[in-house]
C-alpha cells in the first residue's frame, strides 16, 4: 500500500534525533499549558512562533503541532483533579471527571482519559494518512471559484459554531476580513488602511495580533475575576481502572474517536465541538444513564477521545486544501508562511517529507504523551500550585519579546498592546475572537480568489453556481444558514453551549 | 423614552458601526473598479457597508430586546498590563533586554493586589537571565542584553 511507504518516509524524517527532541518539547509544553488554566494553545503557539524562525521547517511544525494535541491531554488533568478546565475542550471532562475524582477514582479517570486519547490520536493519525491524499487529489480540481466557495463555507461554519449571538459572530468575521485587507494590494499596487506606517505595508503582522487578542486579552479578563483556589487537588489514587470501568470505557472511546475524527474535519469544528458532541451522545446511549452527573466513566472516555481525535483531524483541511478550519490552524498557517511554505494541495506532492514527517510525528507524539501524562502526573499536579500572580508576568514578558522579535520593531509591541485592549473589549461585549481570527487569515485569500473568479467569468457571478463543486459548497453553506434560522436547531445549539 | 436594554449588543453595534464608517471614509479614495476588474476598493467597501449595517441593526435591536449588563472592569490590572507592554516598547531599544524585562515584570506583577516584592524581584531577574540566554544567545535575535542610549 502506498500509505505505508509514505508513512515510512514520514517516520524516517520524524525519527531523527532533532525532530524527536522537538516533538518531545512540543508535547511537554502542550501538557504544561494544558494543565495550567488561563493560557491556551493559541496564545502559546503564537508566543513560540518567533522561536521557530531559525528552525528547520519540519522541526518547527512538529513542535507546534505537539503543543496543540499535547494541550488536549494536559487539559484533562486539571479538569479531573481540580474541576477547572485547563482547556476549552476539556470543559466537558470536568462534569464527570471531577465527580469520579470525588469518588476516589481520579487515577482511573486519568488513565482512561490518557489511553482513550492515545487510541483516538492513533486513529486520527491514520485517518489523516488515508484521507489527506484523497482530499488533496480532489482539491487539485479546485480553481478560484471553488476556493472562494470553500472559504465562504468555512466562515459560515465558524459563525454557527461560535458561542453567543450569530449576528455578532457575522460582524466579527467581517471585521476580521477587513483587517486582513490592511496593507499593500498587490494587484493594484495601492496601500490600504496603513496610515502611512511602514510596518503595515505587508499587512498586519499575525503574531502580535494573535498574542494580543488571545494571549494577553485572555489574561486581562482573568485578572478581572477572583482566583479560584487551585491548591485543593483531589487525591489521585490507583491509576488502574477496574474491569467494570474498562468495559464501560471501551465502547465510549470508540464512539468518541469516530465522532471526533468526523467533526474535526469540518470547518470550524476541531477539538471543542467534538468533545461537546461526544458527551451528548454518551448521555443518550449510555445504559447507566443515572450515573451521568455522578461520575460516569463514559462521560470521561468519550469526550476525551473525541477532543484528541478532533485535534488531529482538524489538520486535514489545512494540509490538503490550505484552508485553516479553526483558530489554532490559522496560527499554523502563520507558522508555515514564516517558513516559506504555502499550505495547499501541492504540499503532499511537493514536500512529501514535510507532510508525512509531520503525520508520523503526531503518532510518536501521542505515544510520548501517554508516558508524559501518566507516570509523571505528580509533577504536573505540583505545577498547579504555582500561583497565577507569578505566571502572568512571565506571559507578558514572553509576548512582548515575541512581538518585538517578529520584526525588530517597537511598533509591533504597541500594536500587540492595542490588540490586547481590543480583545479585552471584545470579551466584555460578548464578541467571540475565533471568527475574527479566521476572517483575518482568510481575508486576503478570499479577495484574491474572488478577483480571479471574476476575471475568469468576465464579471459574471454565475460562475460560482455553474461549477458543480463550488455549487455544492455554496449549497452546504446555505444549508448551515437555514439551520440557524430553524428554531429547533437554535434550541439545541443553545443547549449544547450551556452544558 | 429611549433606553438601552442590551448594553453588550448596543456597544458592540456601536463599535462595528464606527469601524465600518471609518473604513468607508478612509477607503473612499480606493478605486471601486468593475466586476471583471475589481479595484482595491471593492471588497473593503462591501465589507465596511456590511459592518455599518450590522452595527446599526445591533444598536437598534438593543433598544428593544433585553440582555445581560456589562460586567465591571477592574481598572488597575488592565492599566498595569498595558503599561507593562508600552514600557517594553519604550525601553527595549534604549536600555536593552535584561533591564527592560525586570521593569516589565514589576509593572505586570503590580496588576495583582497580591503582588509581593520578595517574589517579583527574583522572578524579574530570573526572567531577564532566561530571556537573554534564550532569545539573544540561543536564538540569535538582534537585541542588546543591556544598553544606555537615550
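The values are calculated or read from the model by the stated rules, or taken from the named source; none is laboratory data. Bear in mind the structure is a predicted one, so any value in this text is a computation, not a measurement. In this analysis, Cβ positions are derived from the backbone assuming ideal geometry, glycine residues included, and neighbour counts consider all displayed protein chains.
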Discussion item. For the range B:30-41, check the following and say yes or no: at least one residue is in a helix (DSSP H, G or I) and either within 9 Å of chain A (Cβ to nearest Cβ) or over 27 Å from residue A:171 (Cβ atoms) (or both).
Written reply: no
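Residue under question is residue A:343, and the condition is that it be in contact (Cβ under 8 Å) with a residue 12 or more places away in the chain, in a helix (DSSP H, G or I) and either under 18 Å from the mean Cα position of the chain (by Cα) or crowded, with 20+ Cβ neighbours inside 10 Å (or both); does it hold?
no
Report whether or not residue A:476 is away from chain B (no Cβ under 11 Å) and either part of a helix (DSSP H, G or I) or surrounded by fewer than 20 Cβ atoms within 10 Å (Cβ to Cβ) (or both). Please lay out each step first, then the result.
On the way: away from chain B (no Cβ under 11 Å): yes; either part of a helix (DSSP H, G or I) or surrounded by fewer than 20 Cβ atoms within 10 Å (Cβ to Cβ) (or both): yes.
Yes, satisfied.
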Worksheet item: away from chain B (no Cβ under 13 Å) and either part of a loop (DSSP other than H, G, I, E, B) or surrounded by fewer than 24 Cβ atoms within 10 Å (Cβ to Cβ) (or both): does that describe residue A:331?
Response: no
Worksheet, complete the sentence: Taking the range B:53-69 and keeping residues surrounded by fewer than 21 Cβ atoms within 10 Å (Cβ to Cβ), in a helix (DSSP H, G or I) and more than 10 Å from chain A (Cβ to nearest Cβ) leaves B:56, B:59, B:60
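Looking for whichever is part of a helix (DSSP H, G or I) and surrounded by fewer than 16 Cβ atoms within 10 Å (Cβ to Cβ) here; the options are B:84, B:79. Which one fits? Step through it out loud before you land on a result.
Details: B:84 fails: surrounded by fewer than 16 Cβ atoms within 10 Å (Cβ to Cβ).
Sole residue among the options that is part of a helix (DSSP H, G or I) and surrounded by fewer than 16 Cβ atoms within 10 Å (Cβ to Cβ): B:79.
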Discussion item. Here is a check on your reading of the model: is residue B:129 under 18 Å from residue A:399 (Cβ atoms) and either buried (at least 18 other Cβ atoms within 10 Å of the Cβ) or more than 8 Å from chain A (Cβ to nearest Cβ) (or both)?
Written reply: no
Discussion item. As an exercise: evaluate residue A:435 against (1) over 30 Å from residue B:126 (Cβ atoms); (2) in contact (Cβ under 8 Å) with a residue 12 or more places away in the chain; (3) at the interface with another protein chain (Cβ under 10 Å from one of its Cβ atoms) and give the number of the one condition it does not meet.
Written reply: (3)
Worksheet item: Residues in the range B:70-79: is at least one within 30 Å of residue B:143 (Cα to Cα) and more than 7 Å from chain A (Cβ to nearest Cβ)?
Response: yes
Worksheet item: Where residues in the range A:388-402 are more than 18 Å from residue B:132 (Cβ to Cβ) and free of Cβ contacts under 8 Å to residues at least 12 places away in the same chain, which of them is surrounded by the fewest Cβ atoms within 10 Å (Cβ to Cβ)?
Response: A:390
Practice prompt. Of the numbered conditions (1) out of contact with any helix residue (DSSP H, G or I) (no Cβ under 8 Å at 6 or more places or on another chain); (2) within 9 Å of another protein chain (Cβ to nearest Cβ), residue A:376 fails exactly one; give the number of that condition.
Written response: (2)
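Would you please name the residue that is nearest to the other protein chains (Cβ to nearest Cβ), looking only at residues in the range A:201-221 that are within 27 Å of the chain's Cα centre (by Cα) and more than 23 Å from residue A:332 (Cβ to Cβ)? Working first, answer last.
At the first step, the residues of the range A:201-221 found to be within 27 Å of the chain's Cα centre (by Cα) are A:202-221.
So of that shortlist, the ones also more than 23 Å from residue A:332 (Cβ to Cβ) come out as A:220-221.
Details: A:220: 5, A:221: 9 Å.
So, considering only residues that are within 27 Å of the chain's Cα centre (by Cα) and more than 23 Å from residue A:332 (Cβ to Cβ), the one nearest to the other protein chains (Cβ to nearest Cβ) is A:220.
Take residue B:98 and decide whether it is more than 23 Å from the chain's Cα centre (by Cα), modelled with pLDDT of 90 or more and more than 7 Å from chain A (Cβ to nearest Cβ).
On the way: more than 23 Å from the chain's Cα centre (by Cα): yes; modelled with pLDDT of 90 or more: yes; more than 7 Å from chain A (Cβ to nearest Cβ): yes.
Taking the combined requirement at face value, the residue satisfies it.
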Worksheet item: Is at least one residue of the range A:408-421 under 27 Å from residue A:56 (Cβ atoms), surrounded by fewer than 21 Cβ atoms within 10 Å (Cβ to Cβ) and modelled with pLDDT of 80 or more?
Response: yes
Item to complete: Identify all residues within the range B:101-114 that are free of Cβ contacts under 8 Å to residues at least 24 places away in the same chain, surrounded by fewer than 21 Cβ atoms within 10 Å (Cβ to Cβ) and either at positive phi or facing chain A (nearest Cβ under 9 Å) (or both); write none if there are none.
Response: B:106, B:114
